[in-house]
Amino acid sequence: MAASLMSALPGSVAQGLIWGILAIGVYITYKVLDFADLTVDGSLATGGAVAVMCMINGMHPYLALFLAFCAGMLAGLVTGLFHTALGIPPILSGILTQLGLYSINMRIMGKANQAISVVQYDLIVSLRYIPHACLVTIGFCVVIIGLLYWFFGTEIGAGVRATGCNPNMARAQGVNTNAYKVLGLVLSNGLVGLSGALYAQYQGSSDINMGRGAIVIGLAAVIIGEVIFGKIFHNFALHMVSAVIGAIVYFVVIAVVLQLGLETTDLKLFSALIVALFLAIPYLKGKYFSQTSKKGGNADA
Amino acid sequence: MLKITNVHKTFNPGTINEKKALNGVDLILNEGDFVTVIGGNGAGKSTVLNMIAGVYPVDCGSIMVDDVDVTKLPEHKRAKYLGRVFQDPMTGTAADMNIEENLAIAARRGKHRSLGWGITAKERAEYKERLQSLGLGLEDRMTSKVGLLSGGQRQAVTLLMASLKKPKLLLLDEHTAALDPKTAKKVLDLTEEIVEKDHLTTLMITHNMKDAIRLGNRLIMMHEGKIIYDVCGEEKKNLKVADLLAKFEEVSGEEFANDRMMLS
């Protein structure tokens with residue numbers, strides 16, 4: 001059993017790295033913007049669908065990847081406008097986009113599953129070549145984290161952070177909080193689309209259901225990363241690194257429980273419970289073990 | 001400078017929670033006026049400030065700042081003209097961001113935000129100096145998260161943020177009410193200093209009648225969504241708390257039933 005686990009590990013790491021890009025996207029909405037964005041379940045599949053269809057139609061893989069990124073951004077834009085222009089609550093905005101995307105993804109692919117073979121196509125990552133896939137996705141993560149680190153240090157990026165941290169303060173300082181929320185969602189879902197595009201290539205097909213539960217995996221990655229590194233990583237870039245590592249840890253844990261005899265169909269329940277547990281820990285800790293509660297900046301004056 | 005004309009505001013109209021917050025407010029502030037605002041609970045003091053800041057839209061009436069009609073402008077656009085400090089120390093600052101980051105965001109109030117650096121080395125030096133002038137030792141903690149500061153320190157930082165880029169109008173909404181007396185005094189002294197130094201036109205709500213009389217050149221009293229008393233100059237300087245209470249009873253026909261005011 002140990003041997004088969006060892007042979008499964010490199011694949012888990014590659015998967016974790018690909019989903020790490022999604023985790024960075026979730027980090028932007030969930031942690032920076034304080035917006036639980038459920039669009040992710042839809043935009044991941046959209047990214048996969050767009051990339052695979054583009055490549056099947058002869059497009060260069062990196063151009064296909066770019067279009068997947070754009071498609072994800074569009075999905076984020078829709079959610080952002082649902083919320084800011086139409087006043088729909090955050091969670092519901094995401095759910096609506098996610099639901100609508102199911103139909104759109106079907107339209108893009110024409111059927112529920114589109115295979116793309118590594119033999120016929122020049123894929124950027126594939127589970128046939130796991131070490132190569134790991135190296136490439138590490139490259140992606142490094143570049144993305146670098147760019148985001150720069151972005152969130154700019155005037156606009158600081159505005160996005162202020163919007164998530166304390167919208168009252170942000171507006172009082174002239175920040176257009178609605179525009180910056182939309183911007184954050186666009187950026188986040190662009191990354192999710194990119195992650196979906198890589199994942200579809202990695203597994204050799206784009207599937208209509210590939211995004212189901214993606215938000216939970218993304219949250220798990222962010223939270224696991226925070227639990228492990230929260231005390232030692234204080235830098236913004238390192239927060240994103242810990243989200244990626246969180247995703248890797250998640251997939252390694254999944255590999256372990258599969259080896260222990262869990263069915264693949266049990267994984268969703270397992271993931272949901274893991275995330276529920278980690279989300280509950282800070283609350284329970286605050287309630288039963290400590291007097292100092294952390295007070296947010298959104299209290300009404 | 002500021003011209004409020006016939007502003008009305010009713011919250012939750014047509015429901016059992018209907019509340020007429022403002023009932024025809026007219027107010028003209030001149031350049032350099034420092035006006036203190038008093039009144040009982042629900043008199044509409046905070047609502048006036050929130051209307052000026054654009055937190056909610058007015059039902060009718062108009063608000064002009066420096067000959068610009070801001071009545072229809074969204075909150076973030078009006079911010080260009082306004083510096084604001086709130087009652088709750090948590091409201092004015094972003095807790096998860098550094099002191100210097102908070103200041104840098106405030107320094108860009110009313111300016112176009114670009115992809116340039118959110119804070120520059122030159123700014124850091126300037127903020128250090130400004131923080132030094134607060135006398136709270138915050139200049140050595142510029143990279144500390146604001147969430148780690150005490151309420152008084154946060155209000156001092158917010159005050160600095162409000163005045164970093166000189167506002168046309170400074171709005172102070174009971175900004176010392178949540179602080180202990182000693183800290184409140186310190187923040188109030190700081191307020192006086194900053195208003196004086198930059199000659200800021202200021203509207204300050206307070207529940208402390210002594211402060212209302214002592215500070216500023218003009219005092220207004222509100223009751224049931226209206227300004228019922230407006231006094232300035234020598235007459236204001238010579239006011240006593242008892243005068244204000246008497247005035248209130250005379251105009252409103254009620255007793256000034258507000259423990260907070262009585263005790264302070």
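Under a 5 Å amide H cut-off, with hydrogens placed 1.01 Å from N, residue B:33 pairs with B:202 among residues at least 5 apart or on other chains.
Taking the range A:8-98, how much of its Cα-Cα pair set, in percent, is spaced more than 17 angstrom apart?
Working: 2265 of 4095 pairs.
Here the tail beyond 17 Å accounts for 55 percent of pairs.
So how do B:62, A:43, A:188, B:114 line up by other beta-carbon neighbours within 10 Å, fewest first? Walk me through the intermediate numbers first.
Numbers: B:62 14, A:43 39, A:188 32, B:114 11.
Fewest-to-most ranking of B:62, A:43, A:188, B:114: B:114, B:62, A:188, A:43.
Rank these for me by crowding, B:81, A:27, going from fewest to most other beta carbons within 10 Å. Write out the running numbers ahead of the final one.
On the way: B:81 20, A:27 27.
Ranking B:81, A:27 by Cβ neighbours within 10 Å, fewest first, gives B:81, A:27.
Going by the alpha-carbon gyration tensor, a ≥ b ≥ c the square roots of its eigenvalues, is the range A:67-201 rounded (a/c under 1.5) or, if a/c is not under 1.5, prolate (a/b greater than b/c) versus oblate? It would help to have the intermediate numbers written out before the result.
On the way: a/c = 3.78, a/b = 1.52, b/c = 2.49.
Oblate shape, in that a/c is at least 1.5 and b/c is the bigger or equal ratio.
Taking every DSSP helix (H) stretch of at least 4 residues in chain A, weighting each as -39,500 (n - 2.57) and dividing the sum by the residue count yields a mean residue ellipticity at 222 nm of -24500 deg cm²/dmol.
Treating r as the C-beta distance of residue B:117 and residue B:20 and R0 as 51 Å, the FRET efficiency rounds to 0.60.
Look at the stretch B:30-36: the mean tally of other chain Cβ atoms within 10 Å of its residues' Cβ atoms is 0.
Rounded to two decimals, what is the ratio between the C-alpha radius of gyration of the range A:2-288 and 2.2 N^0.38 Å? Each step should come with its number before you reach the end.
Numbers: Rg = 18.3 Å, N = 287, 2.2 N^0.38 = 18.9 Å.
So the Cα radius of gyration is 0.97 times the expected 2.2 N^0.38 Å.
Summary of the geometry: the range A:28-52 and the range A:84-100, compared by the centres of their Cα atoms, lie 13 Å apart.
When chain A is treated as a Gaussian network with alpha carbon springs shorter than 10 Å, the biggest mean-square fluctuation among A:55, A:109, A:169 belongs to A:169.
Where the convex hull is taken over the Cα atoms of the range B:9-112, what is its projected area averaged over directions, in nm²? That works out to 8.7 nm², a quarter of the Cα hull's surface. Over the range A:124-175, the fraction of Cα-Cα pairs per 10 Å bin, rounded to whole percents and listed from the shortest bin up, is 24, 28, 20, 18, 9, 1. What does the charge add up to near residue B:46, with Lys and Arg as +1, Asp and Glu as -1, over the other residues with Cβ less than 10 Å from its Cβ? Residues close to residue B:46 contribute a combined charge of -1. Compare B:132, B:155, B:87 in a GNM of chain B, Cα atoms joined below 10 Å, and give the one with the largest fluctuation. It is B:132. Taken over the alpha carbons of the range A:199-266 as equal point scatterers, the Debye sum produces base-10 log I(q)/I(0) values at 0.14, 0.21, 0.24, 0.25 Å⁻¹ of -0.53, -0.96, -1.07, -1.10.
If you take the Cα centroid of the range A:163-199 and the Cα centroid of the range B:1-44, the two points sit 35 Å apart.
Quick check on the range A:1-56: what does the Kirkwood estimate of hydrodynamic radius come out to from the alpha carbon pairs, in Å? Provide the component values of the computation, followed by the final result.
Details: mean 1/r = 0.0746 Å⁻¹.
Evaluated on the range A:1-56, it is 13.4 Å.
Please identify the chymotrypsin sites (Phe, Trp or Tyr not before Pro) of the range A:109-216 that satisfy two criteria: DSSP loop assignment and at most 16 other Cβ atoms within 10 Å. Which are they?
On the way: sites: A:121, A:129, A:140, A:149, A:150, A:151, A:152, A:180, A:199, A:202; in loops: A:121, A:129, A:152.
Passing both the DSSP loop test and the Cβ count: A:129.
Restricting the calculation to alpha carbons of the range A:75-149 gives Rg and Dmax of 17.7, 48 angstrom. For the pair the range B:46-106 and the range B:138-215, the centres of their Cα atoms are 15 angstrom apart. Within 10 Å, at most 16 other Cβ atoms, and a DSSP state outside H, G, I, E, B define an exposed site. Report the longest part of chain B free of exposed GluC sites (Glu not before Pro). Of all site-free stretches, the longest is B:32-223.
If one computes P(r) from the Cα atoms of chain B, what percent of pairs lie at distances over 23 Å?
Numbers: 18387 of 34716 pairs.
That fraction is 53 percent.
In chain B, helical runs assigned H by DSSP with n ≥ 4 each contribute -39500 (n - 2.57); averaged across all residues and rounded to the nearest 500, the mean residue ellipticity at 222 nm is -10500 deg cm²/dmol.
For the protein assembly as shown, the alpha-carbon radius of gyration amounts to 1.14 times the rule-of-thumb value 2.2 N^0.38 Å expected for a compact globular protein.
Identify which of A:266, A:34, A:122 has the largest mean-square fluctuation in a Gaussian network model of chain A, with springs joining Cα atoms closer than 10 Å. Residue with maximal mean-square fluctuation among A:266, A:34, A:122: A:266.
What is the percent of Cα-Cα separations in the range B:150-232 that go past 20 Å? So the portion of pairs separated by more than 20 Å is 33 percent.
Just rank A:54, A:70, A:165, fewest to most, by other beta-carbon atoms within 10 angstrom.
Values: A:54 21, A:70 16, A:165 25.
Fewest to most other Cβ atoms nearby, the residues stand as A:70, A:54, A:165.
For chain B, the longest principal axis of the Cα atoms and the long axis of helix B:181-198 meet at an angle of about 80 degrees.
Readers should treat all values here as calculations from the given coordinates under stated rules, not as data from a laboratory. Computed from a predicted structure; not experimentally measured. Because the Cβ atoms are built from the backbone with ideal geometry, glycine has one as well, and the counts that use them run over all protein chains shown.
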